Amino acid sequence: MEKMNREINEQRMEISKSKIIDSVMERIEKKSSFRSFFKEFKAKFALVFMSIALLVVVVIATTGNDPYQPIALNEVQTKKLVETSYMSASIISNAVVSTTATQLAFMELDDSVTEFEKNIDEFNYYFNMLKVFIDNSDFTENAVIEELIDQNYQYKINYLVDGKEYVFFLNFDDEGNITGEINIGSRKMIVDGKFEEKEDEFELELTARRNNDFIKIEYKSETSDEIETKYLIKQNINSVYSEKEIKIEFDSDEVKVEIIQGEDEFLLEKYSENGSVIYFMEYELNELEGEVYITESIDEFGKTIYSYHITEGDYEKDIDLEDPDDDEDEDEEDIEDDEEDDEDEKIDEEDDDLMLNSQISTYNL
Amino acid sequence: MHMEDFEIIKQVLEEDKNKYALLIDKYHNELFKYVYNMTNSYSETEDLLQEIFFKIYKSLKKYNQKKASFRTWMYRIAKNYVLNHLQSARVRIKNNTYEYDDSINKSSEDIEEMAVKNDQINKVLGVMKQVLSPKHYEIMHLHYFSNLTVKEISETLMIPDKTIYKAIKVSVEKLKKEVT
């Protein structure tokens, strides 16, 4: 692609260079002299500061007041805590069950099975979790923070996503270390992490654990006016370790979500057509590129159905799948049983396999 | 090349801040072209570059040569600064006015050619802003107006180069539709 270069007056550019060098170096000089001024008086300042600090300590000690003051959570910290705790709790509590080996073996034999279908379970869980971001509903605004007194935790943060209540109890110290737990209904996850703030940089790491599963989310922001939010996710679910990068890009009227796992990529966006909402996704899986249109509808039993129209290579396919969250209550009971009885887990997986094979129609282009 | 920059940075940070002038001297012209392509104004480019080079100096301690070359790191700062600046309504109005330069000394054919080219660039810039998402806009403005390669744009924006290629392809198609 041809570069677009305006014609530039070289002489003018050279004059500008000398002017810029002079002015920048002058500003640097001023900055340094200001610093050296303070350096000179550093010892005196340090002495005065230490005396004041000593005085404050003495006053506090003698008045008998409790020196403990909880550190306040600021707006950015709260927003990012809510987002990362929601993402980690949502993924870990749904304990993404990737397509089983047997299922995959059958799929490999069937030429008409697209790469997307082989990864659909995992994609679906991420799609459900990230839909709240794509729908551009800032659920973090509705989070309620409560300061707890004389309890195991300093703070309680409540928020609702898709009608589900997330309760996050946490402590954090002045070094930014976080410990806590997240509860969604009867499911509980143990959490630890760390905040770091330097000038215009903000970093947050949060790890949620449930039984042998864990998910660690790292968030880093370098500018305050970010239009893209990036999360690095490291997870170990059902003894399978993986790393993903999730980018959420906010624009005035649209939101895009990109999921990158190694060489694989999903780019998801949402738009409206004739009054109905359509999610469009471009992907690259195992070096195969494809597109999926996802539409959402409600069936006669009130269940949410996602219809996928997949185009991958020479194939075009339509698949209908139920929203896994609609079986939430049943799943919750299953999970409790699973913890006691491994046999039930195997049966549940077989049930999941059956769900995937519903209403598939295939034709070659 | 890379080591040279790092050596200068080390000296600036440790012993001789005046060495920073070497870095300005080295990168001034390419950043000037990049910024001027976006602003179409010499005085505005000069003002922006002063701020950008000072900002780079202030951030020098944060530079990590393991993560990016100094050049792409510098572009990251310049890109953020210029785009933020251009987003303000005040600047948008100012951009529509032309500044006097010595083009009067050129032949009338040259002036006409320059004006057509400037108009084309302004049009493309306007369309880019309208039809591209912010991320694609960032990619395309680096692609068109800087001398960075796709690999360098990838390093500047911290986005995989495959995504950059794809974004350029999609954006060019969108722009072609709008411009033609």
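The values are calculated or read from the model by the stated rules, or taken from the named source; none is laboratory data. Please read these numbers as outputs of a predicted model, since none were measured by experiment. Backbone-built Cβ (ideal geometry, glycine too); neighbour counts: all protein chains shown.
Some observations on this one:
- Scanning region B:40-51 for residues that are over 13 Å from the mean Cα position of the chain (by Cα), surrounded by 19 or more Cβ atoms within 10 Å (Cβ to Cβ) and hydroxyl-bearing (S, T, Y) turns up B:S41, B:Y42.
- In region B:146-169, the condition of being among the aromatic types (F, W, Y) and at the interface with another protein chain (Cβ under 10 Å from one of its Cβ atoms) is met by no residue.
- Selected residue (only one of B:N80, B:N37 is facing another protein chain (nearest Cβ under 10 Å), in a helix (DSSP H, G or I) and surrounded by fewer than 18 Cβ atoms within 10 Å (Cβ to Cβ)): B:N80
- Close contacts from region A:157-169, counting a first residue that is in contact (Cβ under 8 Å) with a residue 60 or more places away in the chain and under 14 Å from A:T84 (Cα atoms) and a second that is part of a strand (DSSP E or B) and of a type in the set (G, A, S), with Cβ to Cβ under 8 Å and a gap of 6+ residues or different chains, come to A:F168/A:G180.
- For region A:143-190, a residue qualifies if it is outside any strand (DSSP E or B) and within 23 Å of A:I237 (Cβ to Cβ), and the qualifying residues are A:D162, A:G185, A:S186.
- Of the residues making up region B:18-35, just one is more than 17 Å from B:S69 (Cα to Cα), charged (D, E, K, R) and in contact (Cβ under 8 Å) with a residue 12 or more places away in the chain, namely B:K33.
- Of residues in region A:110-142 being farther than 30 Å from A:N74 by Cβ, of a type in the set (D, E) and in a loop (DSSP other than H, G, I, E, B), the one modelled with the lowest pLDDT: A:D110
Listed here are the residues, each with its yes/no results for (1) at pLDDT 85 or above; (2) in a helix (DSSP H, G or I); (3) touching a Lys or Arg at 6+ places or on another chain (Cβ under 9 Å).
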{"site": "B:K129", "(1), (2), (3)": "no, yes, no"}
{"site": "B:H136", "(1), (2), (3)": "yes, yes, yes"}
{"site": "B:I139", "(1), (2), (3)": "yes, yes, no"}
{"site": "B:L142", "(1), (2), (3)": "yes, yes, yes"}
{"site": "B:L148", "(1), (2), (3)": "yes, no, yes"}
{"site": "B:K151", "(1), (2), (3)": "yes, yes, no"}
{"site": "B:I159", "(1), (2), (3)": "no, no, yes"}
{"site": "B:K166", "(1), (2), (3)": "yes, yes, no"}
{"site": "B:V170", "(1), (2), (3)": "yes, yes, no"}
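- All conditions but one from (1) modelled with pLDDT under 85; (2) more than 10 Å from chain A (Cβ to nearest Cβ) apply to B:W73; the one that does not is (1).
- In region A:143-172, the residues that are exposed (fewer than 12 other Cβ atoms within 10 Å of the Cβ) and under 19 Å from A:G193 (Cβ atoms): A:N152
Residues are listed down the side, and each one gets a yes or a no for (1) outside any loop (DSSP other than H, G, I, E, B); (2) at pLDDT 85 or above; (3) touching a helix residue (DSSP H, G or I) at 6+ places or on another chain (Cβ under 9 Å):
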residue: A:D192; (1), (2), (3): yes, yes, no
residue: A:E197; (1), (2), (3): yes, no, yes
residue: A:R209; (1), (2), (3): yes, yes, yes
residue: A:I215; (1), (2), (3): yes, yes, yes
residue: A:K220; (1), (2), (3): yes, no, no
residue: A:S224; (1), (2), (3): no, no, yes
residue: A:L232; (1), (2), (3): yes, yes, no
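Yes or no, residue by residue, for (1) in contact with a Leu (Cβ under 6 Å, 6 or more places away or on another chain); (2) modelled with pLDDT of 90 or more:
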| residue | (1), (2) |
| --- | --- |
| B:I8 | yes, yes |
| B:I24 | no, yes |
| B:L48 | no, yes |
| B:I77 | no, no |
| B:A89 | no, no |
